[in-house]
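Reading through the structure tokens given below for one structure.
Values quoted throughout were computed directly from the atomic coordinates according to the rules given, and no laboratory measurement underlies them. Owing to the predicted nature of the structure, the values given are computational and were not obtained by experimental measurement. Neighbour counts run over all protein chains shown; Cβ positions are idealised from the backbone, glycine included.
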Amino acid sequence: MRDRPPDKSLRDAPQSGGLIALEGAFLVERALGAGLAIETLYCVPAREAWARALLGDALAPTVLPREYISDLAGFPFHRGALALARRPRELRPAEALPASGGRSTILVLPEVGDPENLGAAFRNAAAFGCSALLLGPSGPDPLCRRVLRVSMGASLSLGWARLRGPEELRAISEESYVTAACVLDPEAIDLRSWTRPERLALVLGNEAFGLSESWLVGCRKRITMPMRGGTDSLNVATAAAVFLYALT
């Protein structure tokens with residue numbers, strides 16, 4: 001048992017460099033299941049037996065009082081365990097997509113800007129059996145603390161990659177996947193009457209402005225869902241869940 005917290009807070013852990021921060025036992029277990037190497041693990045006394053059984057002889061946990069771990073985390077929401085793990089190598093789009101043919105669905109979010117929306121979208125994509133998730137050249141880090149927490153670790157296990165621009169989306173459309181933009185457009189195909197292709201890429205836009213023209217022109221199809229009650233849009237992660245449920 002340590003009598004004081006380490007000097008360096010997990011709040012300072014790099015999120016785009018070599019390490020990522022994991023909050024809670026569930027995320028630590030998901031990270032190990034995804035093949036990540038745990039560099040440091042802090043836990044409360046009640047979690048010590050769990051930590052030692054999980055890590056075996058590879059690493060000894062640092063056992064701290066709950067208030068010390070809250071200080072490390074920056075807030076009390078840590079569920080008794082915090083860890084630093086080695087960040088995995090970022091994949092290229094071709095590496096994230098299935099190599100073989102057959103039925104496949106991918107979710108493409110080139111302009112999503114909110115980490116909680118991205119985390120929820122990852123969780124939905126994993127739940128509905130997506131093969132991968134493709135992002136735009138900027139936006140939230142899928143391995144930042146908030147995305148990991150909201151996704152329940154789905155961004156650790158579901159393959160993802162960043163597209164450098166709309167031209168890469170067009171290349172995917174030309175080579176293998178039918179790209180379908182999910183839009184608010186009375187001329188778009190009604191989701192209820194559309195027969196999905198074997199290999200489908202669902203493309204959703206920004207939370208506030210939808211899908212910009214530069215990304216929209218790279219999509220072969222445009223689909224929409226009917227809505228009532230004066231509502232003309234849904235939260236982007238919610239919309240993704242509806243489309244994925246209907247089409248997968």
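Computed from the C-beta positions of Glu198 and Arg146, the FRET efficiency with R₀ = 45 Å rounds to 0.85. Taking a Cβ cut-off of under 14 Å around Ala188, the surrounding Lys, Arg, Asp and Glu residues balance to a net charge of 0, with basic ones at +1 and acidic ones at -1. Projecting the alpha carbon convex hull of the chain along each direction and taking the average yields 14.9 nm².
In order along segment 63-72, the phi-based Karplus estimate (6.51 cos²θ - 1.76 cosθ + 1.60, θ = phi - 60°) of 3J(HN,Hα) comes to 9, 9, x, 4, 5, 5, 5, 4, 5, 5 Hz; Gly and Pro are listed as x. Give the calculated FRET efficiency between Ile189 and Glu95 to the nearest 0.05, with a Förster radius of 25 Å applied to their Cβ-Cβ distance. Once the sixth-power term is evaluated, E becomes 0.20.
Count Lys and Arg as plus one, Asp and Glu as minus one, and take only other residues whose Cβ is under 15 Å from that of Glu174; the net charge is then +1. Computed from Cα positions, the angle between helix 115-127 and the longest principal axis of the chain comes to roughly 80 degrees.
DSSP beta bridges in the chain, what fraction antiparallel, as a percent rounded to 5?
Details: 11 of 35 bridges.
Expressed as a percentage, antiparallel bridges in the chain total about 30.
For segment 196-232, the list of trypsin sites (Lys or Arg not before Pro) that fall in a loop by DSSP and count at most 12 other C-beta atoms within 10 angstrom reads Arg228. Derived scalar couplings between HN and Hα for segment 140-152 equal x, 6, x, 10, 6, 4, 5, 5, 4, 5, 5, 6, 6 Hz in order, rounded to whole Hz, by the Karplus curve 6.51 cos²θ - 1.76 cosθ + 1.60 (θ = phi - 60°), x for Gly and Pro.
Taken along the Cα-to-beta-carbon direction at a fixed 7 Å, the label points for Leu59 and Glu175 span 3.5 nm.
At 0.36 nm per residue, and after removing the present C-alpha to C-alpha distance, how many nm does the segment from Val242 to Glu67 gain when stretched out fully? It would help to have the intermediate numbers written out before the result.
Details: separation 175, 0.36 × 175 = 63.00 nm, distance 4.09 nm.
58.9 nm is the gain from fully extending Val242 to Glu67.
Each Cα pair under 8 Å and six or more residues apart adds its separation to the average, and for segment 93-247 the resulting relative contact order is 29 percent. Loop-located GluC sites (Glu not before Pro) across segment 186-248 with a Cβ neighbour count of 12 or fewer within 10 Å are Glu187, Glu198, with loop assigned by DSSP.
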